Amino acid sequence: MIGRDSPVLEAELHAYVDGELPADRRAAVEAWLAAHPDDAARVNAWLAQADLIRARYAGVAQDPVPPRLDLKRLSRAERRWSRLAAAAVIAAFIAGGAAGWFGRETLAGGLADKMFSADAIDAYKLYVVEVRHPVEVPGAEEPHLVQWLSKRLGYELRAPDLAAMGLKLVGGRLLPGSSGAAAFLMYEGQSGERFTFYCARASAPETALRYEVAGSVAAFYWVDENKGYAVSGPANRERLLEVARTIYAQMETRPAGKS
Amino acid sequence: MSAFRTSLEAAIPALRRYARALTRDAELADDLVQDTLVRALRSEHLFHEGDVRRWLYTILTNLNRNRLRTLARRPSSSPIDDADAPDTAGPEAGGRDIERALSSLVDDQRAALLLVVLEGLSYREVAEVQGVPIGTVMSRLARARAQMKAYLDGERPALRRVK
């Protein structure tokens, strides 16, 4: 236990600067600083650093909050997901592995979307087993790949960044879809698990999120601003949901055009 | 709006400030804040009691640490060049210097220093945010301050002259 008159430790000097010093040590520290100019200089330097940091960054908290951090907007996207996740569980239970679930906005989508997800799942099944030629352009050439696919799709495609989930971009290819060109990107984890991201123009402007299982493969898909997206992978709902959710967040709210 | 949402909303400006100082990059900082908010919304049901603000600092600090780890694993991605950050240092002439001094710190030390100095958290709160004992927080703080002082006193490692 540090007594009233024991020598001052460096930790106490920091505590003094940060207002964390017990009241009964304050006098001792102040007396110490008066007698030790080197320590007093250090303490002053720390206080000056703190002032500089606050002077530089305090203003950020006064800036207007950008729309993409709007809580209502963020939670609307979240609600769509939780509704979907709940429905996907039910679908998996009822149909035991071969079911499609259609959300409330089924009228807007219908058959075209069903075909869209079927295309995505077919592409997954076809290419994910490929060892030597799973893609046309490797992930190492991502800028080129994205530029090429965007050009063919006719709108700007962004390759999701799934590194935080341990998934790396293997590469991509261009595919014929039901309504024109489709872009297909493949991601791979360290254990060899593969997920694919499929995008094409859609006929409906917007749909709810949907989940579809076909045997051992499943897909989450949705349409936003007439662009259809499908995320396919092994029918492990939790993991697939996590991947799809990450991609969804990146497509929905990142500002377009950010490289 | 629920009390949780209200606290969340109220914390956004401070989170942006912390994230900006942590990354020295406005765009990246808001990405971090956005991810933090999304996670918080998603885990709302897990949050029973305690300080929402501290919980948010914890999420953001962890997300940033994961981000830096990912960057470290990907040598091809371009490093965060703080010299490219928009120059909004304002009237404070030391604005750029303080940014560069912060950049010279190890991530965990920078986070500890900013949480104490900029965000006004207590040592105990920082220990909870960083998931380490208080003693570790104090040594991070001490190392951060020594490094900052060395940097600002002119012992700059020979890099990053203003371009």
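Derivation of every value follows stated rules applied to the coordinates shown; laboratory data play no part. Because the structure is predicted, anything quoted here is derived from the model rather than measured. In this analysis, Cβ positions are derived from the backbone assuming ideal geometry, glycine residues included, and neighbour counts consider all displayed protein chains.
Structure summary
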quantity: Over 29 Å between alpha carbons, listed pairs A:K72/A:K168; A:K125/A:K151; A:K72/A:K125; A:K72/A:K227; calculated: A:K72/A:K168; A:K72/A:K125
quantity: Packing-based exposure ordering (other Cβ within 10 Å, fewest first) of A:D119, B:D107, A:D18; calculated: B:D107, A:D18, A:D119
quantity: Distant-in-sequence amide H partners of A:A208 (H built 1.01 Å from N, under 5 Å); calculated: A:E105
quantity: Local electrostatic count, A:L47, Cβ distance below 12 Å [Lys/Arg +1, Asp/Glu -1]; calculated: +2
quantity: Over region A:117-259, relative contact order from alpha-carbon pairs under 8 Å, at least 6 apart, %; calculated: 20 percent
quantity: Whole-number percent relative contact order across region A:148-227, with pairs defined as alpha carbons under 8 Å at least 6 apart; calculated: 20 percent
quantity: Residues B:T36, B:T136, sorted so that the one with the fewest Cβ neighbours within 10 Å comes first; calculated: B:T136, B:T36
quantity: Net charge contributed by nearby residues that have their C-beta within less than 10 Å of A:T246 (K/R +1, D/E -1); calculated: -2
